[in-house]
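Notes to accompany the following structure.
The values are calculated or read from the model by the stated rules, or taken from the named source; none is laboratory data. These numbers were taken from a predicted model, which means no experiment stands behind them. Virtual Cβ from ideal backbone geometry, glycine too; neighbours counted across all protein chains shown. Note: areas computed on protein heavy atoms with side chains; ligands, DNA, RNA excluded. Shrake-Rupley method; radii C 1.70, N 1.55, O 1.52, S 1.80 Å.
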Amino acid sequence: MSEEDAIRIRRATDDDLEFMLEVFAHDDVRPYLATGGAFDREALLGELERQEREPHAFGRFVIEVREGDAWRRAGTMGFERVNNRSGIARLERLAVHPDLRGRRLADDAARLFQRHLIFDLGFHRLQMEIYGYNERAQRHAERAGWIKEGVKRKAYRQGDGWVDGVMYGLVREDLEE
């Protein structure tokens, strides 16, 4: 079985809400997600409704892994169009459930997501930002083909201090090579 057959991504539905809440609330996930995001039931339901209205501009996805003849939820990720004229989407909230880490599911899912956004939805550029202290996510980004574009120094307040934001980008030509 190829990697493409072992993992898939799909749009999240209301049936995925409990799983998404569980992943976002996990002690090994929450510190690495952007503060101020929609991580409660009402906000996530609002996001699922938004993706129904704006499927080419906004989306929440579920990562699934094949286990025998069934598919098991493994993680979640999302995107939002940030510039319509230039075809730019921001990717966010990539999180694999800690019970399923170590299998490089996030790497495979990220590559599937990149191709979906660029070739199926027609985006020209994808971008994301990772907290400077999240070295695991930075290693993942580079394995998945993202290009490090720079650092926003002390960009975000966290607790009593400031943290950097590390910027990554990917353009259509990066996937066509």
What nm value, rounded to one decimal, do you get for the distance between TRP71 and HIS124 when each label is placed 7 Å out toward the C-beta? 3.2 nm
Length gained when the stretch LEU175-ARG143 is fully extended (0.36 nm per residue, less Cα-Cα span): 10.2 nm
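In segment 122-162, what percent of the accessible surface is made up of carbon and sulfur (1.4 Å probe, ligands and nucleic acids excluded)?
Values: 1240 of 2670 Å².
For segment 122-162, the apolar C and S fraction of the accessible surface comes to 47 percent.
Would you mind counting up the charge near GLY46? Only other residues with Cβ under 14 Å from its Cβ, with Lys and Arg at +1 and Asp and Glu at -1.
Details: positive: ARG41, ARG50, ARG53, ARG60; negative: ASP14, ASP40, GLU42, GLU47, GLU49, GLU52, GLU54, GLU80.
Cβ neighbours under 14 Å give a net charge of -4.
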How far, in nm, would the chain grow between ASP15 and ARG101 when pulled straight, counting 0.36 nm per residue and subtracting the alpha carbon separation? 28.7 nm
Cα Rg, Dmax (largest Cα-Cα span) when computed across segment 75-117, Å: 12.1, 40
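What FRET efficiency comes out for the pair ALA155/HIS56, r = Cβ-Cβ distance, R0 = 45 Å, nearest 0.05? Provide the component values of the computation, followed by the final result.
Numbers: r = 29 Å, r/R0 = 0.64.
After rounding to 0.05, the efficiency reads 0.95.
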If you compute volume of the Cα convex hull per residue in Å³ for the structure shown, which of (i) 125; (ii) 168; (iii) 235 do you land on? (i)
Longest the chain segment clear of trypsin sites (Lys or Arg not before Pro) sitting in DSSP loops (not H, G, I, E or B) with at most 13 other Cβ atoms within 10 Å runs 1-84
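Which value in deg cm²/dmol, rounded to the nearest 500, describes the helix-derived mean residue ellipticity at 222 nm for the chain, given -39,500 (n - 2.57) per DSSP H run of n ≥ 4 and division by the residue count? Show your work: numbers first, answer last.
Values: 6 runs with 51 residues, N = 177.
My calculation for the chain gives -8000 deg cm²/dmol from helical runs alone.
How much accessible area per residue does the chain have, in Å², with a 1.4 Å probe?
Numbers: 9680 Å² over 177 residues.
Heavy-atom SASA per residue in the chain reads 55 Å².
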